[in-house]
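Please find one structure pasted underneath; my questions will follow.
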Amino acid sequence: MRLLIAFAILSSTFISAYGEDKPADHLKQLQGKWVSVSQESGGKQEKESDWVQKAWEFKGNEVTVTIAGIGGRPDSTLTFELEIEPTKNPAQMDLKAKNPKFGFTAVYKIDGDNLVVCWNAGRENRPAKLETTKNDVYTLITFKRAK
């Protein structure tokens, strides 16, 4: 009986420490600013000078994307409503703009201070994997948590 009780205590401790992939846990892990460290599309790495999305900053259920300025223009930002579904494999996120025609679907993975996001512009055709190929229109971005 003691062994059964000890197992139950250890199991509940493990589950509470590592938890299931609950939206609130993932949302908490996403909070803060994440800076792009690599980007790829069409199965190929992009040069840093070609990166469009420089950073994402999560605040509550919103994410603000910093877009690189083009032609000497300053950087700009776009803010989206964030919805996540971490129980999917890979985890999923939707970024929705106020205009329902804008936004994107994505899959993501959080690994400590690294965040990998594969996204598709538009609200349809969510990527199935954290990768791009020459035959798709997805973008894969690796972020590092800003210090």
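Please treat every number below as a calculation from the coordinates, not as lab data. Note that the coordinates shown come from a computational prediction; the quantities given were computed from them, not determined experimentally. Note: ideal-geometry Cβ built from the backbone for every residue, glycine included; neighbour counts use all protein chains shown.
Consider just the alpha-carbon atoms of the range 56-147 and return their Rg together with their Dmax, both in angstrom.
Cα-based Rg and Dmax for the range 56-147 come out at 13.4, 42 Å.
Just the Kirkwood number for the range 35-103, please: inverse of mean 1/r across all distinct Cα pairs, in Å, one decimal.
Across the range 35-103, the inverse of the average 1/r is 13.7 Å.
Just want the ordering: Val63, Val52, from fewest to most Cβ atoms lying within 10 Å of their own Cβ.
Val52, Val63
Which whole-number percent is the relative contact order of the range 32-147 (Cα, under 8 Å, 6+ apart)?
Over the range 32-147, the number comes to 28 percent.
Loop-only chymotrypsin sites (Phe, Trp or Tyr not before Pro) in the range 42-147, please: DSSP not H, G, I, E or B, and at most 14 other Cβ atoms within 10 Å.
Taking the range 42-147 and a limit of 14 other Cβ atoms within 10 Å, the loop chymotrypsin sites (Phe, Trp or Tyr not before Pro) found are Phe102.
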